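Inspection log for the structure reproduced underneath, given as structure tokens.
The values are calculated or read from the model by the stated rules, or taken from the named source; none is laboratory data. No experiment lies behind these values; they were computed from the predicted model shown. A quick note on method: Cβ atoms are made from the backbone with ideal geometry, for glycine too, and the neighbour counts reach across all protein chains shown.
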Amino acid sequence: MAARDRWFSQAILLLRVKVLQLSDRSIRPGATVDFTLLERDLHYRSTHIQTPDGLTIAVQDWGEGSGRRDVLFIHGFSQSHLCWLKQVSGKMSKVFRLVTYDNRGHGMSDKPMEPAFYRDPQRWADEVNAVITGSDLHRPILVVWSYAGRIALDYLTHYGDEGISGLVMVCATSSAGPGTAGPAAPLMRAMAERELAPSVEASVQFGRACFTTPPPQAEMEVFLACSAVTPNSVREALVGRPAEYAETLQKIDVPTLVIHGEQDRVLLPATAEHTARMVKNAKLLVYEGIGHTPFWEASDRFDADVTAFIESTT
């Protein structure tokens with residue numbers, strides 16, 4: 001392993017501790033958390049939601065905005081709510097009520113080892129519904145990234161779209177058909193390796209592959225640290241789950257915005273084209289020169305586009 005990769009491996013291990021300290025479950029549910037990360041001041045209310053299958057989900061309510069609209073952000077594979085750091089600490093947080101959470105198996109939410117907790121679409125649907133109802137969100141706009149496309153579509157399959165007022169699919173999975181997976185997609189399976197060295201190597205490579213232009217070192221550290229919190233058994237259970245959502249996509253009747261990075265090496269732009277084609281009246285935005293993380297690599301543009309979309313919905 002090259003010296004740079006060894007440095008990243010050490011950073012993952014050290015920053016995993018920092019992430020755990022930041023999101024420590026010892027924080028009282030409903031307590032206000034003030035923290036500075038990457039020179040950004042974070043202020044949120046920490047809550048815990050119970051799912052119908054008995055899991056505790058860590059939820060963060062960044063409700064400083066005017067409350068004109070509720071927005072629920074759902075993160076992707078082997079990440080956490082901190083991937084939305086630029087949104088929850090930026091202009092959007094002053095305008096809308098933003099809520100994030102750690103998916104089951106991720107961040108500071110419960111991490112059962114049994115594959116059934118991750119391979120059953122009904123459980124994912126119930127989790128989203130539990131967060132919406134438990135957080136008292138009024139027909140929120142769902143903003144979902146990468147693997148969370150599956151999660152949102154599981155929710156819509158089982159609950160329909162009556163409980164939301166809009167959908168933003170960000171480099172989000174809507175199909176596992178030919179031409180959708182990018183060259184970095186196999187790294188997700190490699191990240192589930194039970195031996196540490198290949199798992200760490202794949203995690204580092206996947207983290208890099210999510211960006212066209214590498215972020216500053218401190219930002220990459222946080223990104224990789226959040227990834228390291230997800231157990232390999234959870235990663236293994238997530239990989240290969242079916243993505244048969246054609247019927248659900250065709251039934252979506254709420255305003256839908258599809259954002260994708262032109263240089264995405266995890267999910268090819270063909271994925272976004274498929275989503276926009278299947279969802280009636282969906283709007284597609286492709287960001288030139290941007291990879292798998294438009295909300296991070298082009299955060300100002302992303303925030304402006306999503307804000308304009310939310311303001312246009314009823």
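Side notes on the structure shown:
- Only one of the listed residues (Leu42, Leu37, Leu55) is surrounded by fewer than 22 Cβ atoms within 10 Å (Cβ to Cβ), at pLDDT 95 or above and either in contact with a His (Cβ under 7 Å, 6 or more places away or on another chain) or aliphatic (A, V, I, L, M) (or both). That residue is Leu55.
- In this structure, Thr271 does not qualify as within 28 Å of Gly160 (Cβ to Cβ), over 17 Å from the mean Cα position of the chain (by Cα) and hydroxyl-bearing (Ser, Thr, Tyr).
- Yes/no for Tyr159 being surrounded by 24 or more Cβ atoms within 10 Å (Cβ to Cβ), under 28 Å from Asp110 (Cα atoms), among the aromatic types (Phe, Trp, Tyr) and at pLDDT 95 or above: no
- Close Cβ contacts (under 7 Å, 6 or more residues apart or on different chains) running from residues in the stretch 146-162 that are among the charged types (D, E, K, R) to residues that are at pLDDT 95 or above and part of a loop (DSSP other than H, G, I, E, B) comprise Arg150/Thr173; Asp161/Ile252; Asp161/Asp253; Asp161/Val254.
- Residue selected from the stretch 225-253 under the condition over 30 Å from Glu201 (Cβ atoms) and surrounded by fewer than 20 Cβ atoms within 10 Å (Cβ to Cβ), by the criterion modelled with the lowest pLDDT: Glu244
- Summed over the stretch 79-107, the residues that are modelled with pLDDT under 95 and either in a helix (DSSP H, G or I) or aliphatic (A, V, I, L, M) (or both) give a count of 4.
- For first residues located in the stretch 79-105 and in contact (Cβ under 8 Å) with a residue 60 or more places away in the chain and within 25 Å of Ser203 (Cβ to Cβ), partners that are of a type in the set (Lys, Arg) and surrounded by 22 or more Cβ atoms within 10 Å (Cβ to Cβ) and lie 6+ apart or on another chain with Cβ distances below 9 Å form the pairs Gly105/Arg235.
- Filtering Thr307, Thr275 for residues that are closer than 25 Å to Cys210 by Cα, of a type in the set (S, T, N, Q) and surrounded by fewer than 18 Cβ atoms within 10 Å (Cβ to Cβ) leaves a single hit, Thr307.
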